[in-house]
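Notes follow the structure.
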Amino acid sequence: MRSWSISAGRIFGVELRIHWTFFFLLPLFVLYTEYAAHGTATTARGLALVAIIFASVLAHELGHALVARRWGIRVKSIMLLPIGGIAQLDENQPPADTTLAPWMRDIRIAMAGPLTNLLIALVSGGVILAVIPQVDLWSWPFMLSRNLPRSLVWINLYLAAFNLLPAYPMDGGRALRALFSRQIDPVQATRRAVSIGRAFATLFILVGMILPNYWLILMGLFLFIASQMEERSVVFQSVLERVHLEDVMLTDFATLSPADTLEDALDKAVHCLQDDFPVIRGNDMVGVISKQKILEALRVEGNGYVQAVMNRIFEVAQKGESLASAFRKLTARNLSIIPVVEDQRLVGIVTLQNLMHSMALLAESRKLRKQALNS
């Protein structure tokens, strides 16, 4: 998802990312529908309508983020899509406030987005009726570039109504999944909510093709794709919790000494597949260093010693820990290697590079086992 979006800075400490459809698909779609309905399409007003959609979606996601922070849950980033957005919560971090049941907390976070849009619609609608009643809020079409004040009200009403549908990953679907999770595990709850979401997506696409209504088709397609992505994310997280580091750690690995020169270290790095190395002095681990760091130091400072450029801040893990725990440690300090110890003895390493290979192999082996059982 990140590869299909660009960073737009940070707001309230949260990274803001914009999906490419906001810059390409949505403007073209707005101009096309305007032309099809009215025979003309004004570029400037069409882009203004896109800007209103953008601002409304952003407000929606900020509503989620602010309520999540109220319960002590960190929001990593916000991804903006034309029909809504995705607020990526740090679910690995335990909430600071545990006074509320998890399922109830999830429902409150989910409902914050639609309520934000409803509040914007009510306030803007009240101002319009009081100041510029000639706007005529109740005339069709509700969303029109030639009447931007009316569009502001109805865009927010549409976003609230659409997100309240019990179709995962819309907010109503997230609330439904939270209710399911009271009785079944999170993966099963997600799959049940996703199946309902796919039914809604199929219905939107079919109704949109019959009418025809291209907005309904677009919403159905986005809903279908988003539900698949969310399901894979939850399943992947559950796999991380079940797999232990001893199942994927590298046991045959190279180490460096703090007394090694950078040229010697680079020579060793060239002859192995590792990108990251533990630095060992006697029986003690004193640091970590990456191949990239070695190259940068050689370019900038010339040959020196590993001790001078190695990273002395690192995390260690026990081999019985889960992959999810390893990912938390890797991402918490932006690390690329975790040494695995047993009885204070280095027995393996886990790197982002080998984790990706291991996860692919594990997925393939599970698939082969499943096929063998079914045959």
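Whenever you get a sec, compute what percent of the accessible area on the chain sits on carbon and sulfur atoms (1.4 Å probe).
The computed percentage sits at 60.
Here's the picture: charge each Lys and Arg Cβ at +1 and each Asp and Glu Cβ at -1 in segment 133-218, and of 167, 181, 137 the one pushed furthest to the positive end of that dipole is 181. Annotated for the chain: lysine pairs at least 8 residues apart or interchain, Cα distance under 25 Å, count 8.
If only the Cβ of Lys and Arg carry +1 and only the Cβ of Asp and Glu carry -1, the dipole of segment 191-259 around its Cα centre is close to 460 debye. Charge tally for residue 307 (other residues, Cβ to Cβ under 14 Å; Lys, Arg +1; Asp, Glu -1): -1. Extension gain, residue 4 to residue 266: 0.36 nm times the residue separation minus the Cα-Cα distance gives 90.9 nm. Here the contact order of the chain, divided by its residue count and restricted to Cα pairs under 8 Å and six or more residues apart, works out to 10 percent.
An ellipsoid equivalent to segment 228-375, defined through the eigenvalues of its Cα gyration tensor, has semi-axes of 33, 16, 14 Å when rounded to whole angstrom and sorted largest first. For segment 187-243, GluC sites (Glu not before Pro) meeting the loop criterion (DSSP other than H, G, I, E, B) and having at most 14 other Cβ atoms within 10 Å: none. About the centre of its Cα atoms, the chain shows a dipole size close to 1080 debye [charges on the beta carbon of Lys, Arg (+1) and Asp, Glu (-1) only; nearest 20 debye]. Rg and Dmax over the alpha-carbon atoms of segment 104-219 stand at 17.1, 53 Å.
How large is the direction-averaged shadow of the alpha-carbon convex hull of segment 159-287, in nm²? Could the numbers behind the result be given before it?
Values: hull surface 54.4 nm².
Average projection, Cα convex hull of segment 159-287: 13.6 nm².
Both numbers refer to the Cα atoms of the chain; Rg and Dmax are 25.8, 82 Å. Ligands, DNA and RNA are left out, and with a 1.4 angstrom probe the accessible area of the chain is 54 Å² per residue.
Add -39500 (n - 2.57) for each DSSP H run of 4 or more in the chain, then divide by its residues: what number comes out at 222 nm, to the nearest 500 deg cm²/dmol?
-19000 deg cm²/dmol
The trypsin sites (Lys or Arg not before Pro) found in segment 112-221 that occupy coil by DSSP, while having at most 16 further C-beta atoms within 10 Å, are 146, 182. Selection among 344, 308, 81 by position relative to the dipole of the chain gives 81 as farthest towards the positive end (Cβ unit charges, Cα centre).
Estimate the FRET efficiency between residue 246 and residue 76 by the formula 1/(1 + (r/R0)^6), using the beta-carbon distance for r and 25 Å for R0, to the nearest 0.05. Once the sixth-power term is evaluated, E becomes 0.30.
The values are calculated or read from the model by the stated rules, or taken from the named source; none is laboratory data. Everything quoted here is computed from the prediction, not taken from an experiment. For neighbour counting, all protein chains shown are included, and Cβ atoms are generated from backbone atoms with ideal geometry for every residue, glycine included. The accessibility values were calculated without ligands, DNA or RNA, using every heavy atom of the protein model including side chains. Shrake-Rupley method; radii C 1.70, N 1.55, O 1.52, S 1.80 Å.
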